[in-house]
1. Please give the solvent-accessible surface of Lys111 in Å², to the nearest 10, using a probe radius of 1.4 Å with every protein chain present.
2. Using label points projected 7 Å from each Cα along Cα→Cβ, tell me how many nm separate Thr121 and Arg150, to one decimal.
3. Order these peptides, 202-213, 25-36, by their mean beta-carbon neighbour count within 10 angstrom, highest first.
4. Under the rule of -39500 (n - 2.57) per DSSP H run of 4 or more residues, summed and divided by the residues of the chain, what mean residue ellipticity at 222 nm is obtained, to the nearest 500 deg cm²/dmol?
5. Sorted by accessible area (1.4 Å probe), largest first, how do Asp105, Asp163, Asp21 line up?
6. Pulled fully out, how much extra length does the chain show between Glu14 and Val218, if you take 0.36 nm times their separation in residues and subtract their Cα-Cα distance?
7. Over 31 Å between Cα atoms: which of Lys112/Lys194; Lys8/Lys77; Lys69/Lys111 fall into that group?
8. Using 7 Å Cα-to-Cβ label points, what is the Gln25/Arg238 separation (nm, one decimal)?
Amino acid sequence: MPLPTLAKRLVRLEEVSSTMDVAKQLAEVGWPEGTLVVARTQTAGRGRFGRYWASPEGGLWFSLILRPKLEPEDFSKLPIVIALAIARALEKHLGLEVGLKWPNDVLVRGKKVCGILIESTLYGREIAYAIVGVGLNANFGLEALPEELRGIATTLREELGRDVDLEELLMAIVREIQDAYLALQEGRGEELLKEAEQLMGFPRGLRLLVGDEVLSGVAIGLASDGSLLLKLPDGQVRQLHWALATVLGAQA
Ligand code: BTN
């Protein structure tokens, strides 16, 4: 199968601090959309809200440069669309039953197998580029992860009882990202959000951290920009943007 066009420039590295940093440096000097930076390990992998991201050998750690020409409302759907693409790839390519946790964690049996980080840079009001970072726990066991994550994370090896071909999986994922990104550009974002909503399993009681406020309520669906609609105990519905909110767990 030919390489997906979103992998038109492939940079393979052994050990890096973070593929996000390398991709950003390349984006700054004009490398095009579709530049894919893959590393075998990262010494300073990072997650959302600056959290540490463990990146041992055997995982799939990559960052992809996009230069999206999207209206703000569609750009705002991007994290969920990328998570959906990865869920599709894991289902189709590996036969796994996959769920999503808003905004963009990919789960197997309720445990996180993949995280996504999007960092974007504006020139004025325009998005100059977005770096899509994907971390997929693949060919290693739980013992390679920090102890505090072992109860809430999983890996493909744990779920499948075997290792996967990382090369094939990378291309299957990039192909799905490419299809979903194209659909988003063609104005089919609502459809994608509907599919993602199914995988998020609403309605669902959740506790979230929004700034320094903890909110509990029932998540009832997604707004058209990918924000979470949370129904509070007093019946009020709050719309929470993914950049500002993080799910702490199920509603107490
Ligand atoms: C999260 O769930 O908080 C997002 C995790 C994203 C991790 C990936 S691994 C490849 C890329 N490089 C990084 O430093 N982070 C992302």
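1. My reading of the accessible area for Lys111 is about 60 Å².
2. Roughly 4.0 nm, to one decimal.
3. By packing density, highest mean first, the sequence is 25-36, 202-213.
4. -8000 deg cm²/dmol
5. Solvent-accessible surface, decreasing: Asp163, Asp21, Asp105.
6. Between Glu14 and Val218, full extension yields 69.1 nm more.
7. Among Lys112/Lys194; Lys8/Lys77; Lys69/Lys111, the Cα-Cα distance tops 31 Å for Lys69/Lys111.
8. 4.1
The values are calculated or read from the model by the stated rules, or taken from the named source; none is laboratory data. Treat the numbers as computed from the prediction; the structure is a model and nothing was measured. Using ideal geometry, Cβ is built from the backbone for each residue, glycine included, and neighbour counts are taken over all protein chains shown. These area figures cover heavy atoms from the full protein model, side chains too; ligands, DNA and RNA do not enter into them. Shrake-Rupley method; radii C 1.70, N 1.55, O 1.52, S 1.80 Å.
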